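**Student:** The structure under discussion is supplied below as structure tokens; questions concerning it will follow.
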Amino acid sequence: MKNQDTYILAIESSCDDTGAAVLLNNKVISNVVARQEIHEQYGGVIPELASRAHQQNIVPTIDVALKKANITKEQLSAIAFTQGPGLMGSLLVGGSFAKSLSMALDIPLIAVNHMHAHILAHFIDEAGFEKPTFPFLALTISGGHTQIVKVNSFFDLEILGETTDDAVGEAFDKTAKILGFPYPGGPLIDKFAKKGNPKAYAFTKPKVPGLNFSFSGLKTQIMYFIQKNVALNPNFIEENKADICASVQYTIINILMDKLKMAVSETGISQIAIGGGVSANSGIRQTLKDAELKYGWKTFIPKFEYTTDNAAMIGIVGYHKYLEQHFSDSTTVSKARIEF
């Protein structure tokens, strides 16, 4: 199988974006995402609405992906899909479609762990982007996950630390909501933080043992801070928006960096790769690049379009599983929570 061209159709439907991609071996030849704007009016993702939108979007999204790749479905070698973790209704739409299409075309079905895919996105063949060598440390940061993973090979991954409560993405989103920003608010915090003083306001970092994380206490601390200052000055948020965002972002980045430094010290591994939606944050990306000079690390930051939920990253896992013939079948079950 390693000597022939392999076309993988990948489907991603873990949350509120319907993604479809086609990979030729380890190179992306199309990557399409249908975004769901309906959730903006509710300030967050509504699972039932998300699954219904996936049902509407999945056929046209896959059709566009195949056309952009300039291939027919009969040329496909296998179909990869997100098995979990994610919203159950959303996962079922993508999984059911993938199973049906693989049976209709009589080609292999490949189940993919969404978090595994965020890590292996670094192995997409992309001009101008280096690939890490094994072993390396992966910091996976998203709306639902915060993990430090030791990556020994494509399929040997060990979680060294993870959040004990809320993920880093939730800390950004909750702060944005407290500040009255529209959903999704995380990118807005990043935007305003660029104009603010990161040391304007001090927030206490949580004391969590080992390499685990906690963000629930920080969220509460920020809420009380805003409530107290708004009571004294109703215009406090508007007058200090940039400084608040910069200070919150600075605190979150320091929490992440403290744990990464500890992980490097404990493992002796100084290759660091980031992934997940929050890795799109410009402050986190810049801090990691600065760490190359400051700490002598080698850092790997994926192409921007491979950070948020996308099908290309599902496809790269699918490709490597295809080479090893790690196939699934129609009895494979989608799972809201799933282990590596």
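The values are calculated or read from the model by the stated rules, or taken from the named source; none is laboratory data. Only a predicted model underlies this, so the values are computations on that prediction, with no experimental measurement involved. So basically every Cβ, Gly included, is an ideal-geometry build from the backbone, and we count neighbours across all protein chains shown. Only protein heavy atoms, including side chains, enter the accessible area calculation; ligands, DNA and RNA are left aside. Shrake-Rupley method; radii C 1.70, N 1.55, O 1.52, S 1.80 Å.
**Student:** Given H placed on each backbone N at 1.01 Å, which residues far from L160 in sequence or on other chains put an amide H within less than 5 Å of it?
**Tutor:** I148, V149, K150
**Student:** Moving on to the next point. Let me make sure I get this right: for the stretch 1-160, a, b and c are the square roots of the gyration tensor eigenvalues over alpha carbons, sorted descending. Under 1.5 in a/c it's rounded, otherwise prolate if a/b > b/c, else oblate. Which is it? Don't jump to the answer; show the numbers that get you there.
**Tutor:** Values: a/c = 1.73, a/b = 1.07, b/c = 1.62.
Oblate, because a/c is 1.5 or more while a/b does not exceed b/c.
**Student:** Report, in listed order, any pair from K67/K321; K73/K174; K68/K131; K298/K321; K219/K294; K150/K174 with a Cα-Cα distance greater than 31 Å. Display every interim value, and only then the final one.
**Tutor:** Details: K67/K321 25 Å; K73/K174 42 Å; K68/K131 26 Å; K298/K321 27 Å; K219/K294 29 Å; K150/K174 29 Å.
In this structure, K73/K174 exceed 31 Å between Cα atoms.
**Student:** Still on this structure, I have one more. Please go through the stretch 111-213 and write out the trypsin sites (Lys or Arg not before Pro) that DSSP classes as loop and that have at most 14 other C-beta atoms within 10 Å. Walk me through the intermediate numbers first.
**Tutor:** Values: sites: K150, K174, K177, K191, K194, K195, K199, K207; in loops: K194, K195, K199, K207.
Of the trypsin sites (Lys or Arg not before Pro), the ones in loops of the stretch 111-213 whose Cβ has at most 14 other Cβ atoms within 10 Å are K194, K195, K199, K207.
**Student:** What are the ³J(HN,Hα) couplings of the stretch 180-196, residue after residue, when phi is run through the Karplus curve with 6.51, -1.76, 1.60 and θ = phi - 60°? Round to Hz, x for glycine and proline.
**Tutor:** Karplus values, whole Hz, x for Gly and Pro: x, 6, x, 7, x, x, x, x, 6, 4, 4, 4, 6, 4, 5, 9, x.
**Student:** Right, another one. Is the shape of the stretch 120-178 rounded, prolate or oblate, going by the alpha carbon gyration tensor and its root eigenvalues a ≥ b ≥ c, with a/c under 1.5 for rounded and a/b larger than b/c for prolate? All intermediate terms of the calculation are to be shown ahead of the outcome.
**Tutor:** Values: a/c = 3.89, a/b = 1.65, b/c = 2.35.
In terms of gyration-tensor shape, oblate.
**Student:** Counting other C-beta atoms within 10 Å, and keeping those with at most 14, which DSSP coil trypsin sites (Lys or Arg not before Pro) do you find in the stretch 300-340? Working shown, then result.
**Tutor:** Values: sites: K303, K321, K335, R337; in loops: K303, K335, R337.
For trypsin sites (Lys or Arg not before Pro) across the stretch 300-340 that sit outside H, G, I, E and B with at most 14 neighbouring Cβ atoms in 10 Å, the list reads R337.
**Student:** In addition: Have a look at G210, G86, G275 and tell me which one the Gaussian network model of the chain (Cα, springs below 10 Å) gives the largest fluctuation.
**Tutor:** For the chain, modelled as a Gaussian network with Cα springs under 10 Å, the answer is G210.
**Student:** In the chain, how does Rg compare with the Kirkwood Rh, expressed as the Rg/Rh ratio over alpha carbon atoms? Show your work: numbers first, answer last.
**Tutor:** Values: Rg = 20.4 Å, Rh = 20.7 Å.
Taking Rh as the inverse mean 1/r over Cα pairs, Rg/Rh reads 0.99.
**Student:** Return the whole-Å distance between the Cα centroid of the stretch 157-212 and the Cα centroid of the stretch 1-76.
**Tutor:** 29 Å
**Student:** Considering every Cα-Cα pair within the stretch 171-245, what fraction, in whole percent, is farther apart than 19 Å? Display every interim value, and only then the final one.
**Tutor:** On the way: 1005 of 2775 pairs.
Counting every Cα pair in the stretch 171-245, those more than 19 Å apart make up 36 percent.
**Student:** Can you say what percent of the DSSP beta bridges in the chain, counting only those with both residues inside, are antiparallel? Round to 5.
**Tutor:** Around 60 percent antiparallel, to the nearest 5.
**Student:** To the nearest 10 degrees, how steep is helix 236-267 against the longest Cα principal axis of the chain, on a 0 to 90 scale?
**Tutor:** 60 degrees
**Student:** Here's something else I'd like to know. How big is the accessible area of R52 in square angstrom, nearest 10, if you roll a 1.4 angstrom probe over the protein chains?
**Tutor:** R52 exposes around 140 Å² with every protein chain in place.
**Student:** Please list, by residue number, every one of the chymotrypsin sites (Phe, Trp or Tyr not before Pro) in the stretch 81-186 that is coil in DSSP and has at most 15 other beta-carbon atoms within 10 Å. List each step's numbers first, then the result.
**Tutor:** On the way: sites: F81, F97, F123, F129, F136, F154, F155, F172; in loops: F129, F154, F155.
Those that pass, being in a loop and sparsely packed, are F129, F155.
**Student:** Tell me the mean residue ellipticity at 222 nm calculated for the chain from its helices only (DSSP H runs of n ≥ 4, each -39500 (n - 2.57), averaged over every residue, nearest 500). Before the final figure, lay out the partial values.
**Tutor:** Details: 9 runs with 143 residues, N = 340.
Using -39500 (n - 2.57) per qualifying helix, the result is -14000 deg cm²/dmol.
**Student:** Ok, one more. Under a GNM of the chain (C-alpha, springs under 10 Å), which listed residue has the highest mean-square fluctuation: G268, G43, G283?
**Tutor:** G268
**Student:** Return one whole number: the accessible area per residue of the chain in Å², for a 1.4 Å probe. Don't jump to the answer; show the numbers that get you there.
**Tutor:** On the way: 15150 Å² over 340 residues.
Counting only protein heavy atoms, the per-residue value for the chain is 45 Å².
**Student:** I'd like the projected area of the stretch 241-340, averaged over all directions, using the convex hull of its alpha carbons. Report it in nm² with one decimal. Mind dumping the intermediate values first?
**Tutor:** Working: hull surface 37.0 nm².
Averaged projected area of the stretch 241-340's Cα convex hull equals 9.3 nm².
**Student:** What part of the accessible area of the stretch 1-149, given as a whole %, is carbon or sulfur when the probe is 1.4 angstrom?
**Tutor:** 50 percent
**Student:** With axes computed from alpha carbons, what is the tilt in degrees of helix 311-323 against the longest principal axis of the chain, rounded to the nearest 10 within 0 to 90?
**Tutor:** 50 degrees
**Student:** Show me, for the stretch 108-118, the HN-Hα J-couplings you get by feeding each phi into the Karplus relation (A = 6.51, B = -1.76, C = 1.60, θ = phi - 60°), rounded to Hz, glycine and proline as x.
**Tutor:** Listing the rounded values in order: x, 10, 10, 8, 10, 7, 4, 6, 4, 5, 4 Hz.
**Student:** First select every other residue whose beta carbon is under 11 angstrom from the beta carbon of G315; then total the charges, Lys and Arg +1, Asp and Glu -1.
**Tutor:** On the way: positive: K27, K321; negative: E12.
Within the 11 Å Cβ shell, the charges total +1.
**Student:** Ok, one more. Using DSSP loop states and a limit of at most 12 other Cβ atoms within 10 Å to flag GluC sites (Glu not before Pro), what is the longest stretch of the chain containing no flagged site?
**Tutor:** Values: sites that count: E37, E130, E324, E339.
Counting only loop sites that pass the neighbour cut-off, the longest clear stretch is 131-323.
**Student:** Hey, in the GNM for the chain with a 10 angstrom Cα cutoff, which one of V22, V45, V168 fluctuates hardest?
**Tutor:** Maximum fluctuation in the GNM of the chain, among the listed residues, is at V45.
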